[in-house]
Amino acid sequence: MDRDSLKRHLEFYRDLGIRQLNIPAAPVCTGKPAGESPVAARSQPVQPPGPQTVRTAPAVATPPATPPVIVPPTNPMPTLLPVAPPDDSLQKIHEDIGDCRRCRLCEQRNKIVFGSGNPEARLVFVGEGPGADEDATGLPFVGRAGQLLTQMINGTAAKEGLAIRREDVYICNVVKCRPPENRTPLPDEMEICGQFLFRQLLVIRPKAICVLGGTAAKALLGTREGITKLRGNWQNWHGIQVMPTYHPSYLLRPYSQDAKRESWLDLKKVLHHVFD
């Protein structure tokens, strides 16, 4: 439209009494065909796409529910057992240990202390680890603590009228090598040696196990409870009854009179359970 035509149009609108003109804004590009305003495009019904072009909106992810807080039991029973041959035996376990170099305990040890006693025992005692006398002889519980354990077994059985002696039971330790300076075995040391201990217990399959001291109780039962709370109460390890009690080395201390009486009660309970 030229200048003169525009002037005539404006004068025409003026004569009609129109004093203000609302000029629409420039159209926004919406991808629609030319000449179709955005308003018109919005007012038109939306046709659903054909079957070939159906697009499903992505599902809104539902936030996962907060999992319940699971409080571990105070006395969780170990569930993992070592892989062992179906016809396992104490002899095979001894051969598998060999001249063990699996952990740092081998560095200062003299002899591996495997275990001793009746291989078909109905009662097994499990201690913490070898001491100096055990490291020298290769036999478990032969030092002062071992001599006290022998007296406890033989004396309690005699008082209770049970024909049981130390040689009728089986005795072993959680770790098979003496920890330096008789320190408490470290968790990785107990884990490595524990596989052989578990195999020993499963081969013998006694009616009951008596664990001596807190370290042995933790290794076998996987518990965080101290021996003072555990002692005197039956536990379970893969279908075998377990009685925790004090370690004989603790009973050798001068202030353990109450513990000696409690250990005697624990041992009496074990012996009657196994041999009655």
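In sequence order, region 164-181 has phi-based couplings of 10, 10, 4, 5, 8, 10, 10, 10, 8, 10, 5, 9, 9, 10, 5, x, x, 6 Hz under the Karplus curve 6.51 cos²θ - 1.76 cosθ + 1.60, θ = phi - 60°, and Gly or Pro positions carry x. Here r is the Cβ-Cβ distance between ASP276 and ARG104 and R0 is 45 Å; the resulting FRET efficiency, rounded to 0.05, is 0.55.
Evaluating 6.51 cos²θ - 1.76 cosθ + 1.60 at θ = phi - 60° for every residue in region 235-242, the Karplus couplings come out as 10, 9, 10, 6, x, 10, 5, 10 Hz, glycine and proline recorded as x. Amide H contacts of GLY143 (H built 1.01 Å from N, in plane; Pro and chain starts excluded): GLU134 sit under 5 Å, all sequence-distant by 5 or more or on other chains. Annotation: amide H-H contacts under 5 Å for VAL211 (H modelled 1.01 Å from N, sequence separation of 5 or more, or interchain): VAL126, MET243, THR245. Using a cutoff of 8 angstrom between alpha carbon atoms and counting only pairs six or more residues apart, the relative contact order for region 118-185 works out to 52 percent. Sorted on the mean count of surrounding Cβ atoms within 10 Å across their residues, most packed first, peptides 178-184, 239-245 read 239-245, 178-184. Computed from phi, the 3J(HN,Hα) profile of region 121-137 under the Karplus parametrisation 6.51, -1.76, 1.60 (θ = phi - 60°) reads 5, 8, 9, 10, 9, 10, x, 7, x, x, x, 5, 5, 5, 5, 7, 9 Hz, with x in place of Gly and Pro.
The alpha carbon gyration tensor of region 120-276 gives principal lengths a ≥ b ≥ c with a/c below 1.5, which makes the shape rounded. A simple spin-label model places pseudo-atoms 7 Å from Cα toward Cβ; at ASP96 and ASN154 they are separated by 3.4 nm.
None of the figures in this text is laboratory data; all of them are computed from the coordinates on show. None of the values given here were measured: they were computed from a predicted structure. For neighbour counting, all protein chains shown are included, and Cβ atoms are generated from backbone atoms with ideal geometry for every residue, glycine included.
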